[in-house]
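The structure under discussion appears below in the form of C-alpha cells.
No value in this document is a laboratory result; all are computed from the given coordinates. For clarity, every value in this text was computed on a predicted model and none was experimentally measured. We place every Cβ from the backbone using ideal geometry, glycine too, and count neighbours over all the protein chains shown.
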Amino acid sequence: MSSTPTATKGNGKQTDLADMPMDLLIKTLKSSADGLSQNEAHARLSQDGYNELPEKKESPLLKFLSFFWNPFSWMIEAAILFSAIVGDWVDFAIISVLLLANGLIGYFEEKTAGDAVAALKAQLALNAKAKRDGKWVTVPARELVPGDVIQLKIGDVIPADARLLKGDLVKIDQAALTGESLPVTRSSGQQIYSGSVMKQGNAEAIVNGTGINTFFGKTANLVAQTANVSHFQKAVLKVGDFLIVIALLLIGIIILVRLFQGIDLHQGVDVLRLLKFCLVLTIASVPVAMPTVLSVSMSVGAKQLSEKNALVTRLSSIEELAGMNMLCSDKTGTLTLNQLSLGEPFVMSGVSQDEIVLMAALASKNQDGDPIDAVVFQGVKDPKQLIPYQVIQFKPFDPVGKRTEATVKGSNGQTFKTSKGAPQVILDLVPNHTEIAPVVNQQIDEYAKRGYRALGVARTDANGEWQFLGILPMFDPPRSDSQITIQNALKLGVPIKMVTGDQVAIAKETSRQLGLGQNIVDANVFREAPTQQETSLDQQILQADGFGQVFPEDKFHIVDVLQKQGYIVGMTGDGVNDAPALKKADVGIAVSGATDAARSAADIVLSTPGLSVIVDAIKLSRQIFERMTSYTLYRIVATIQILVFTTLAILFFNTYPITAIMIVFLAILNDGAIVTIAYDNARIPKTPQQWNMSQVLTLSSVLGTICVIATFLLYYLCDRFWQLNSAQTQTYIFLNIALLGMMTLYSVRTRRAFWTMPPAKSLALATGASVIISSCIALFGILIAPIGLQGVWFSWLYALVWFLAIDRVKLAVYSLLNPAKAGLGKTYQSLWQRISG
C-alpha cells in the first residue's frame with residue numbers, strides 16, 4: 001500500500017487532508033456541500049495559483065543564446081576566430097552575419113512552432129464541472145481551487161486531488177500513479193487523486209489539493225520527460241549524420257592534398273586559412289537548417305490539421321498518419337449519426353409498451369447527456385408519469401457489466417429495482433431465462449437484421465425476483481457522408497474495418513448500407529477459442545471487414561495482430577476503456593465527444609463527428625511527408641555538388657574553386673529560402689507513405705553527380721577555355737551553384753515534370769529572392785569579382801539547360817525504380833543498410 005499523501009498549504013505547513021474527518025475537512029477548507037461562490041473561488045485562485053504543474057520557463061535571452069552553442073555554431077565561431085587571427089576582416093564580418101542569421105532564423109521559427117503547438121494544447125485543455133454559487137458550471141480544470149465541489153462521471157480524468165462526498169461506490173483507474181493494474185473501489189469520504197480515471201460510477205467530490213500540492217504534482221518532478229522522435233525524423237537525422245561523415249571525409253582529403261601540394265606547416269597563416277576554408281565548406285555542406293525545417297513542417301502541419309478540426313497531441317503522429325495503411329473505426333457516432341430513434345418495443349405477456357419505456361426511463365439518468373438515456377426519456381409519452389417515483393440509488397452503465405440499475409421507491413412506499421442494458425445481460429438476470437430465451441433471441445435477431453440496436457429492460461417483483469419486460473429497439477442511421485468517405489479512404493490505400501459492440505447482424509446491416517464488406521467476425525471467438533487456434537484467429541482478423549460484439553480488450557488485440565502483420569494501424573475510440581487500444585495503435589484517434597481518458601490517450605483528437613476529418617488529415621499528413629522528402633533530396637544533392645566538386649577541383653586544378661565568402665553567401669541564401677518548403681504545395685500520394693531510403697539515395701546520388709559534372713565543366717570552360725582570371729572563375733562557380741541548387745529544388749519537389757506543380761507563393765518568393773540576390777552579387781561584384789551582365793545571362797542560360805536535363809534524368813530514375821522494372825532499388829537499399837549499420 002502506498003502512503004497517504006499530504007497537502008501542503010502556501011505557508012509550508014503540512015496538513016493531512018486525505019485522512020481528516022469529512023466534517024473537519026469541509027470546515028478546514030471553509031467550504032460546504034454547495035461549493036464556493038465565484039468571488040471566493042477567484043480569490044483563492046489568486047492566492048493558491050492555477051491547478052497545474054509549474055512549467056520550467058526558459059529565459060528568451062538564454063533560449064536565443066542556445067542557438068549559438070551547438071556543433072554547427074562552434075564550426076562557424078571557429079571560422080570567425082580564424083578570420084580574425086589572419087586579418088580577413090571582410091570574411092570576419094560576413095561569417096558573423098551568417099552566425100547571427102542562423103541564430104535568428106532558428107529562434108523565431110522554433111518560437112513560432114512552439115506557440116502553434118501551445119495553442120493546440122490549449123484547445124485540448126480539460127474542463128471540470130464545479131458547483132459555484134449553488135449551480136453547476138463548467139470551468140477550465142486549471143481554475144479549480146481547494147474547497148471546490150466537483151462532479152465526476154465515467155471516463156473523466158480526475159482534475160485534482162479530492163475527497164468523495166456522499167454517493168455510490170465508484171471504480172477508479174490510478175495505474176498511472178500507483179502502478180495498480182486493476183481499478184480500485186472508492187466510496188464516500190475516501191481520497192481520489194488527480195490524473196486518475198473514472199472507470200465506473202458518478203460522484204461528487206470536494207477538492208483538497210491542486211497543482212503542485214497534488215499527489216501527482218509531488219511525484220511529477222521525479223519523472224523525466226522525454227520527447228518522442230518519429231521514424232521519419234530518425235531517418236532524416238540519420239541522413240544528416242551521413243552527410244556530415246561524408247563532408248568530414250572529403251574535407252580531410254582536401255587538407256591532405258593541400259598540405260601535399262606545398263602548404264608550409266611553418267606558415268601558420270596559410271594553415272589557418274585552409275582550416276577556415278574547410279570549416280566554412282563544412283558549414284555550407286551539412287544540413288544546418290534540418291532541425292528547423294523539421295520543427296516548422298510538423299508545427300505548420302499540426303496547425304493546418306487543427307483548421308480541419310483534427311487536433312494533434314503528438315507531432316510525430318503526423319508521420320505515422322502518412323504511412324497508415326489500416327483504419328479500425330468505431331460505428332456509433334463515427335460511421336453513424338449517433339442520433340438514436342426509438343422503434344416499436346417488443347413486450348412480454350402482460351406488459352404494456354408504456355410500462356417498459358417508463359421502467360427503462362427510471363433506469364436512466366437524464367443529466368449525464370448519454371444518447372441512449374436521452375432517447376429513452378423522449379419515449380416517455382407523459383413526463384408526469386415519472387413524478388411518483390423516487391430513485392434511491394443509481395448504478396450507471398459500465399462497459400464490463402453492460403447495464404444500468406436503479407433502486408426505486410414507488411408512490412405506495414414499496415421499493416423495487418429496474419435495469420436496462422444489453423439484452424443477453426438483462427436476460428441472464430431473470431430466473432426463467434432458459435424458457436424465454438428462444439423467443440427473445442429471435443426478436444433480437446429480427447431487430448438486428450433491420451439494423452436496430454436492442455435494449456433489454458427488466459424489473460424486480462414484490463419478491464425481489466427479476467422479471468424480463470421486453471426489448472426497446474433503437475435505430476442509429478449511417479451518416480450521409482460515411483459511404484463517400486469510406487470510398488475516398490480506399491482510394492488512398494487505407495481500408496477500413498468497422499469495430500462495434502453491437503451484434504454481428506447489426507454490424508452486417510450497417511456495413512451493407514455503407515458499402516463495406518459483409519465478413520463480420522464475432523469478437524466472442526477471441527475469448528472462447530482455444531490457444532492452438534491463435535493463427536487461425538489472426539487470419540480471421542486480417543480477412544475481416546469488421547467486428548461485432550467487441551469488448552475494449554478485443555480492440556487492443558485487433559490492433560496488436562494487425563501491427564504484427566506489418567500494418568501501420570489507426571484506431572478510433574471515445575470511451576474510457578478505449579484508451580489502451582488508442583495508446584497501442586500507431587495513430588490513436590479520439591472521435592468527437594470522446595471522454596477525457598480517450599482524449600488523453602489519443603494522438604489526434606477530432607472536434608467534429610464523422611470520418612471525413614480523418615481522410616482530410618491523411619491527405620495533409622502525406623503532403624507534409626512529401627515536403628520533408630523533397631527537402632532531404634535537395635539537401636543531399638546540394639552537399640554532393642559543393643563537396644565533391646570542390647574536392648575534385650583542388651585535386652585536378654590545385655586551387656580553391658570558390659572562396660569562403662561565397663560559401664557563406666550560399667549558406668545564408670539557401671538555408672534562408674529552404675525553410676519555406678514547410679509551406680509549399682505538395683501532391684497527395686495515392687498510397688501510404690513510408691521512408692524509402694533506397695529511392696532517396698539513388699535519385700540524390702544521380703542528380704548530385706550531374707550537378708558536379710555541370711559545375712566541373714563550367715570551371716574547365718572558365719579556367720582553360722576562356723582563360724578567365726581566378727577571381728572571375730570563382731564568381732561563375734558561385735552563381736552556378738546558387739542557381740542550379742534552387743532549380744534542383746524545383747525538380748525534386750515533384751515526381752513528375754517540374755512544371756506540373758506550381759510552388760506555393762512563399763517558396764516562390766523565397767527562392768526567387770535567393771537567386772536574384774545571388775545574381776546581383778555576381779553582377780555588381782559585392783565582395784567578389786564582378787562578371788557583368790553578359791556573364792550573369794550566360795550563367796542563367798547554362799543553369800537552365802542543365803536544370804532541364806536534371807528534370808528528365810529524374811523522371812528516368814523514377815521509372816527505373818518502379819518495382820515492376822529494374823531492381824536498382826534493392827541494390828541501393830542494401831548499400832544504405834550497410835552504411836547505416
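For trypsin sites (Lys or Arg not before Pro), the sites in region 315-396 that DSSP calls loop and that have at most 12 other Cβ atoms within 10 Å are Lys381. Legend: distances between Cα atoms for Lys555/Lys619; Lys449/Lys619; Lys135/Lys171; Lys331/Lys583; Lys153/Lys619; pairs beyond 30 Å are Lys449/Lys619; Lys153/Lys619. Taking every C-alpha pair closer than 8 Å and separated by at least 6 residues, the mean separation divided by the residue count of region 547-616 gives a relative contact order of 24 percent. A DSSP coil position with no more than 16 other Cβ atoms inside 10 Å describes the following trypsin sites (Lys or Arg not before Pro) in region 637-746: Arg683, Lys686. R0 = 25 Å: FRET efficiency of Gln563 with Ser592, Cβ-based, nearest 0.05? FRET efficiency, Gln563 to Ser592: 0.45. Which of rounded, prolate or oblate describes region 339-491 when judged by the alpha-carbon gyration tensor and an a/c cut-off of 1.5? Prolate, because a/c is 1.5 or more and a/b exceeds b/c.
Across region 337-395, the mean sequence separation of Cα contacts (distance under 8 Å, 6 or more residues apart), normalised by length, yields a relative contact order of 36 percent.
Packing around the peptides 31-37, 810-816, taken as the average count of other Cβ atoms within 10 Å per residue, puts them in this order, highest first: 31-37, 810-816. Peptides 748-760, 601-613 ordered by packing proxy, namely the average of other Cβ atoms within 10 Å per residue, highest first: 601-613, 748-760.
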